[in-house]
Amino acid sequence: MTEPVDRQTVVPRIDVSFPIVRGEAIPRDHGYAVFSAINHHIGGLHQAPWFALLPTRGMHNPGEDTLVLTPGTSALRCRVMADSLPRLLPLSGKVLDIGGHKIRLGVPNVYAIHPAPSLRARLSVIKGHMEPDTFETCVRGRLRDLNVNPVEVVVGKRRAINVHDTTTVGFELFLRGLGEDDSILLQYLGMGGKQRMGCGVLIPGGETL
């Protein structure tokens with residue numbers, strides 16, 4: 001159980017989206033590989049509370065277990081504290097090696113975070129909670145600690161992230177029926193660990209990713 005959060009001390013975040021201007025595909029399980037590639041260029045991310053990674057969108061190619069990138073749509077997206085934006089700017093124009101797949105990044109776009117009544121995370125991981133029932137109980141406990149008004153909590157598919165030789169199990173997560181302030185707070189804070197590798201970052205929407 002976490003300690004109750006003083007909302008006045010929560011630092012706002014913004015989303016930074018680097019369009020992928022060159023590249024055909026990346027691994028479907030790409031969170032750690034993207035994190036490592038970004039850290040290679042700018043450094044200092046292993047203990048960075050200001051940085052979180054959003055999953056990259058693409059079309060699943062099950063034969064190769066890759067995401068096929070879509071021109072004009074696929075982007076490398078980060079959620080950061082606003083004053084940390086300058087740390088990411090050197091990524092513009094860089095070529096990143098994502099698990100053996102090369103991509104080139106364009107000039108980033110910056111977006112404010114807006115409230116939405118439904119939020120989702122493709123994969124949320126909470127240490128020690130690898131079964132749906134205990135995972136849901138822990139999520140509900142954290143929502144209480146955050147003084148978030150009661151919402152519909154839906155635990156979706158079991159998923160996993162691989163980091164080095166370790167596999168960490170988690171679940172899709174959907175939170176519905178949120179008020180505006182609660183929605184913004186949860187998007188700032190996320191739900192669960194490994195957010196620097198794309199886990200637990202909440203985005204608007206109620207359907208599966």
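Here are the numbers:
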read-out	value
Boolean, Met191 is buried (at least 17 other Cβ atoms within 10 Å of the Cβ), of a type in the set (A, V, I, L, M) and either in a loop (DSSP other than H, G, I, E, B) or touching a residue at least 60 places away in the same chain (Cβ under 8 Å) (or both)	yes
Every residue from segment 65-113 that is within 18 Å of Gln187 (Cβ to Cβ) and small (Gly, Ala, Ser)	Ala75, Ala82, Ser84, Ala112
Filter result (within 26 Å of Asn149 (Cβ to Cβ) and of a type in the set (Gly, Ala, Ser)) within segment 97-119	Ala112, Ala116, Ser118
Ala116 vs. criteria touching a residue at least 40 places away in the same chain (Cβ under 8 Å), buried (at least 17 other Cβ atoms within 10 Å of the Cβ) and more than 20 Å from Gly31 (Cα to Cα)	yes
Filter result for Val125 (open to solvent by less than 20 Å² (accessible area, probe 1.4 Å), free of Cβ contacts under 8 Å to residues at least 40 places away in the same chain and not basic (Lys, Arg))	no
Scope segment 158-188; condition within 20 Å of Asp65 (Cβ to Cβ) and surrounded by 13 or more Cβ atoms within 10 Å (Cβ to Cβ); matching residues	Arg158, Arg159, Ala160, Ile161, Asn162, Val163, Thr168, Val169, Gly170, Phe171, Glu172
Residue satisfying all of: in segment 82-108; in contact with a helix residue (DSSP H, G or I) (Cβ under 8 Å, 6 or more places away or on another chain), outside any helix (DSSP H, G or I) and not aliphatic (A, V, I, L, M); surrounded by the fewest Cβ atoms within 10 Å (Cβ to Cβ) among these	Asp97
Hits in segment 118-148 (condition: aliphatic (A, V, I, L, M) and in a helix (DSSP H, G or I))	Val139, Leu143
Yes/no for Leu53 being surrounded by 12 or more Cβ atoms within 10 Å (Cβ to Cβ), touching a Cys at 6+ places or on another chain (Cβ under 9 Å) and assigned to a strand (DSSP E or B)	yes
Options Val201, Val148, Val153: the member that is open to solvent by less than 20 Å² (accessible area, probe 1.4 Å), free of Cβ contacts under 8 Å to residues at least 24 places away in the same chain and either out of contact with any Cys (no Cβ under 8 Å at 6 or more places or on another chain) or closer than 11 Å to Leu119 by Cα (or both)	Val153
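The values are calculated or read from the model by the stated rules, or taken from the named source; none is laboratory data. Keep in mind the model is a prediction, meaning the values are calculated, not measured. As a convention, Cβ positions derive from the backbone with ideal geometry for all residues, glycine included, and neighbour counts pool all protein chains shown. The accessibility values were calculated without ligands, DNA or RNA, using every heavy atom of the protein model including side chains. Shrake-Rupley method; radii C 1.70, N 1.55, O 1.52, S 1.80 Å.
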